[in-house]
Amino acid sequence: MSLVINNNLMAMNASRNLGESFSALEQSTRRLSSGLRINQASDDAAGLAIRELMRADITSLNQGIRNANDAISLIQTADGALGVIDEKLIRMTELAMQASTGTYSSTQRLIIDSEFQAMASEITRIANSTDFNGIHLLNGNLSGASHSGSGLVSSGKLKVHFGAGNDSAEDYYYIQINNSTASALGVGMSAASSSAGRSISTQALAQNSLNVLQNAIVSKDKIRANLGATQNRLENTVTVLEIQAENVAAAESRISDVDVATEMTNFVRNQIKTQAAVSMLSQANSLPRMALSLIG
C-alpha cells in the first residue's frame, strides 16, 4: 500500500470497524439494561409481531381468570343466601308440622302462623336484597331462558366470558338462577291464591302446606345444586386458564427476553473490540505524519 496523505484508507477501515463494534455494544447495553432481546422492531421484526400477539393473549387469559373468579364469588354469594333461605324453609316446615296436630287451639295456630308468615317475608327480603356488584341474584332477574347484552343493562341469564374469542363452546357459558322469593316457592301470603302453602292458620291448611314446603325445599336444592356444579366448572376453568397463561408467558419469554449470560459475553467481546478499534484508529490517524519525514 502506498504512503498517501489525502486518503487514509487504514483510518477509514478502522473507523468503519469501530462503528460496527460500537453499534453492537450499544445493542448489548440496551438488551442488558431492559432485560429484553427485542426492544425495537429492527431487533427482530417477526419476533416482535409474535411477541405482541402473545402478550395480548396473556392479558386476555389473565382477565378471563379474573372474570371466572368473580363469577365464583357471585355464585358463593347466591349460595350463602340460599343457605339462609334453607333454614327459613326448614323452620316453616317445623311450624307447619306443629300446627298440623290437634293439640293446639285456633288462637295458638294463629300465633304459629304469624311466625310462619314472618319466615316467608324474610325469604322474600333475602331474595330481593341479595346482590353482587349491583346484580340481583335471587329475585328472578337471572332466571330468563335467553340472554341479551344489547342494552346498557343485560337481561336474562348471566353470561360469564373468560376466553379470548366469542365461541360459546370455548369462551363463555351462562349462570341461570331461578326466582327464590316466597311467592315463587309457593309459600306465605304472597304466594298465589291457589297455593296450599299460603297459611297454616288451620289444621287442614297446615297439613296441606307440608307438601308445598317439601317442593319448595326441593326447588331451592335444585338451584343450589346447579350453582355448585357451575362453581366446579368455573374452578376447573380457572385452573386451565392459569396453565394456558403460564405456558404462553413462557413462550413469550423465549422470544422476547434476553439470555443474560449470552448477552454479557457479547457485551464483553464488543467492548474489547470497540476499545481495540479506538486504539487502532488513533494509530491509523498518525500514519500520514510518517510522510512528513520523507518530505523534510
### Message
Give me the percent relative contact order of the chain, please, defined on Cα pairs under 8 angstrom at least 6 residues apart.
### Response
32 percent
### Query
Sorted by mean Cβ packing within 10 Å, highest first, what order do the peptides 256-265, 16-25, 62-71 take?
62-71, 16-25, 256-265
### Query
Which of [x] 13; [y] 24; [z] 56 is the computed percent of Cα pairs over 34 Å apart for the structure on display?
[z]
### the chain: angle of helix 106-129 to the longest principal axis, Cα-based, in degrees nearest 10
20 degrees
### Task
For Thr59 and Gln275, compute 0.36 nm times the residue count separating them, minus their Cα-Cα distance, and round to one decimal in nm.
73.4 nm
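Given only helices, namely DSSP H runs of n ≥ 4 each adding -39500 (n - 2.57), what is the per-residue ellipticity at 222 nm of the chain, to the nearest 500 deg cm²/dmol?
-24000 deg cm²/dmol
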## Note on the structure
Helix 260-286: inclination vs the chain longest Cα principal axis, degrees, rounded to 10, gives 20 degrees
### Reach of Lys222 by Cα under 26 Å, taken over lysines that are not fewer than 8 positions away in the same chain
Lys88, Lys157, Lys159
### Cross-link partners of Lys220 among aspartates and glutamates (Cα-Cα below 14 Å; sequence separation of 8 or more within a chain)
Asp79, Asp86, Glu87
#### Entry: Ranked by how many other beta carbons lie within 10 Å on average, peptides 177-189, 200-212 from highest
177-189, 200-212
### Summary
Each label sits 7 Å from Cα toward the beta-carbon; between Leu36 and Lys222 the label points are separated, in nm, by 5.5 nm
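FRET efficiency for Asp171 and Ile255, Cβ-Cβ distance as r, R0 = 25 Å, nearest 0.05?
Given R0 = 25 Å and the Cβ-Cβ separation, E is 0.50.
Every number here is computed from the coordinates shown, using simple stated rules; none is lab data. Note that this is a predicted model, so its numbers are computed, not measured. Positions of Cβ are generated from backbone atoms using ideal geometry, with glycine treated the same way; all protein chains shown enter the neighbour counts.
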